[in-house]
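Following: one structure in structure tokens, then a few remarks.
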Amino acid sequence: MAYFPDVPKIEYEGPKSKNPLAFKHYNPTEVIEGKSMRDLLRFSVCYWHTFRGTGVDPFGAPTMQRPWEDAQDSVDNALRRVDVAFEFMEKLGAPFYCFHDRDIAPEGATLAESNDILDTIADKLKEEQKRTGIKLLWGTANLFSHPRYVHGAATSCNADVFAFAACQVKKALEVTNYLGGQNYVFWGGREGYHSIYNTDMRRELDHMAKFIQMAKTHARSIGFKGQFLIEPKPKEPTKHQYDFDAATCLNFLRQYGLMETCKLNIETNHATLAGHSMMHELTVASNAQALGSIDANTGDLLLGWDTDQFPTDIYLTTQCMLVILAQKGLSPGGINFDAKVRRESFEPNDLFYAHIGGMDAFARGLKIAAQIRKDGVLTDIVKGRYSSWDSGIGRKIEKSQMTFKDLEEYMLKKGNSAANHSGRQEMIENIINDYL
């Protein structure tokens, strides 16, 4: 049975095409900086928003028209949803997908029943992966939706909840490994606090570190060789989350000796909620050699919460690709569309329009970023701006050949510092505009 009967295989037709069901810029075989677009971008479809989203919001009921859904979140429905997902991804040409355990399989009455259901769905997913060649970019466990996680999961004040969460992650890791997942993500949806008065922050952070260490031990024991990722987010649903931003996560990893265990999965909307640009967060992570993957979306600055819209801003995608190209890609991570069609875009075909737009936006950003890098315009500007550090006193400071006393003698002899040069920020912005 076809669930998207009116949609053909999405093909690349070039910039002049007016076909809304065709790529204008994403040509998977086109080579950029020695790699194909497919290998550089490594696009992934998220199971939760794309196949589980309903359009519900705090002010209204679901709006999505999904003819494959039944009234109950049944096992049969979950199996049927696998067929829907792989028809969609196969027609789109997406090489990867991502999921939470509860996206693909409903929770049973007991942990054992939940695990059995998850195994049933995993078997169907594996069959479809083999048939289509589509792979699992990463898996994760939903440790935030169920009422048991009201106080958090790894950071819960209830030790039994910690134990249950560990069981859930154990199973999610095993399923991810079974499906050949290349990464495993930790997103601490409720790992934080609402009131500091009733919170033992140090103890909670100790527990979170212990949880990740235990997960690593189990992952290696079952032969999972994939990459662990932590996804920063500053708020929503908690007032303050322990994975606030990239710098906070890196500090946590360093404090607990986990830098060799985890890298970061950076999301655009989470970056802006933390008061940063996506390029800032990517740069912070990349500088620490910890940029592992990204969740591609955007927010609406007029709304101010996590709207998870599809990325269509070419400035944004160009900035992302400048950082990603500088570190020669994201593999084994990728670009996962953690994005949802808006409540008003309720027909199934809208899922295609949204993903096509996001993939084309990143393809354009990739080509623009590659041209900027080839021309060396930003490299030359940055090199010139820091030229005083390439010789003389600057070079000696960087080589640790100077003390404060030495610098005092130098400056007393010189009398004053050399004049500053203009940052030429407006000129740089004009240069970027020229490329776009």
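Structure notes:
- For the stretch 238-260, a residue qualifies if it is out of contact with any strand residue (DSSP E or B) (no Cβ under 9 Å at 6 or more places or on another chain), exposed (fewer than 15 other Cβ atoms within 10 Å of the Cβ) and not in a loop (DSSP other than H, G, I, E, B), and the qualifying residues are ASN251, ARG254, GLN255.
- Some residue of the stretch 261-278 being open to solvent by 20 Å² or more (accessible area, probe 1.4 Å), touching a helix residue (DSSP H, G or I) at 6+ places or on another chain (Cβ under 9 Å) and among the hydrophobic types (A, V, I, L, M, F, W, C): no
- Looking at ALA339, ALA419, just one residue is in a loop (DSSP other than H, G, I, E, B) and either more than 30 Å from TYR26 (Cα to Cα) or more than 29 Å from the chain's Cα centre (by Cα) (or both), and that residue is ALA419.
- Within the stretch 290-303, the set of residues being out of contact with any Ser or Thr (no Cβ under 6 Å at 6 or more places or on another chain) and either free of Cβ contacts under 8 Å to residues at least 24 places away in the same chain or crowded, with 22+ Cβ neighbours inside 10 Å (or both) comprises LEU291, GLY292, SER293, ILE294, ASP295, ALA296, LEU302, LEU303.
- Matching option when the condition is assigned to a helix (DSSP H, G or I) and farther than 25 Å from TYR315 by Cα, among SER388, SER400: SER388
- Selection status of GLN327, in contact with a strand residue (DSSP E or B) (Cβ under 9 Å, 6 or more places away or on another chain), open to solvent by 30 Å² or more (accessible area, probe 1.4 Å) and more than 19 Å from VAL45 (Cα to Cα): yes
- So LYS124, is it charged (D, E, K, R), within 17 Å of ILE212 (Cβ to Cβ) and open to solvent by less than 60 Å² (accessible area, probe 1.4 Å): no
- Scanning the stretch 377-391 for residues that are of a type in the set (Gly, Ala, Ser) and modelled with pLDDT under 95 gives a single hit, GLY384.
- Residue in the stretch 362-372 that is open to solvent by 90 Å² or more (accessible area, probe 1.4 Å), in a helix (DSSP H, G or I) and either without any contact (Cβ under 8 Å) to a residue 40 or more places away in the chain or farther than 30 Å from TYR3 by Cα (or both) present: no
- When each of LEU205, LEU173 is tested for being free of Cβ contacts under 8 Å to residues at least 60 places away in the same chain, open to solvent by less than 10 Å² (accessible area, probe 1.4 Å) and either part of a helix (DSSP H, G or I) or in contact with a Pro (Cβ under 8 Å, 6 or more places away or on another chain) (or both), the lone residue that passes is LEU173.
- Matching entry among ARG364, ARG373, ARG395, ARG424 (being modelled with pLDDT under 95 and either of a type in the set (Lys, Arg) or closer than 23 Å to ILE314 by Cα (or both)): ARG424
- Residue count, the stretch 208-227 (criterion: over 19 Å from the mean Cα position of the chain (by Cα) and either within 25 Å of HIS276 (Cα to Cα) or open to solvent by less than 60 Å² (accessible area, probe 1.4 Å) (or both)): 9
- Filter pass, ILE230 being under 25 Å from ARG102 (Cα atoms), aliphatic (A, V, I, L, M) and surrounded by 20 or more Cβ atoms within 10 Å (Cβ to Cβ): yes
- Helices (runs of 4 or more DSSP H) (entirely within the stretch 27-116) containing at least 1 residues that are aliphatic (A, V, I, L, M): 37-41, 75-92, 101-104
- Sole exception among (1) farther than 30 Å from GLY292 by Cβ; (2) open to solvent by less than 10 Å² (accessible area, probe 1.4 Å); (3) of a type in the set (A, V, I, L, M) for ALA112, by number: (2)
The values are calculated or read from the model by the stated rules, or taken from the named source; none is laboratory data. Only a predicted model underlies this, so the values are computations on that prediction, with no experimental measurement involved. Cβ sites come from the backbone with ideal geometry, for glycine too, and all protein chains shown count toward neighbours. Side chains included, ligands, DNA and RNA excluded: accessible areas come from the protein's heavy atoms. Shrake-Rupley method; radii C 1.70, N 1.55, O 1.52, S 1.80 Å.
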